[in-house]
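The values are calculated or read from the model by the stated rules, or taken from the named source; none is laboratory data. The shown structure was predicted, so the numbers you read here are calculated from the model rather than taken from an experiment. Here Cβ is always computed from backbone atoms with ideal geometry, including for glycine, and neighbour counts include all displayed protein chains.
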Amino acid sequence: IGVGLVGFGLFFVLFGMLLYFDSVLLAFGNILFLSGLVFIIGFRRTFTFFFQWPKLKGTSFFLGGVLIVLMRWPLLGMLLEAYGFIILFR
């Protein structure tokens, strides 16, 4: 279930970007991606991964970008998410 949710999340994010940053598709993709991540590695591991002290800057940018996309500012939100994703997973 988790791999499917992550796959659909990535599909909706890419499809939302192809449709000129459609905020509904991007928000739906973000929610599916994060819920799929929780299904794959579990709630506790997801929480401890995102809220480690050295990764707090990346987490704040990534989750802030998700929040901004949900508030219908898709371009700025995706830029913040991309920066946070790079910091988190380097």
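Observations
- Unique residue being assigned by the TED database to the domain that holds I1 and over 21 Å from I1 (Cα atoms) when the list is M78, M71, M17: M17
- A count restricted to the stretch 23-40 and to residues that are surrounded by fewer than 16 Cβ atoms within 10 Å (Cβ to Cβ) and free of Cβ contacts under 8 Å to residues at least 24 places away in the same chain stands at 1.
- Criterion violated by L26 - all others in (1) assigned by the TED database to the domain that holds G2; (2) modelled with pLDDT of 95 or more; (3) more than 17 Å from L5 (Cβ to Cβ) satisfied: (3)
- Only a single item in (1) of a type in the set (S, T, Y); (2) closer than 24 Å to R90 by Cβ; (3) exposed (fewer than 14 other Cβ atoms within 10 Å of the Cβ) is not met by Y20, and it is number (2).
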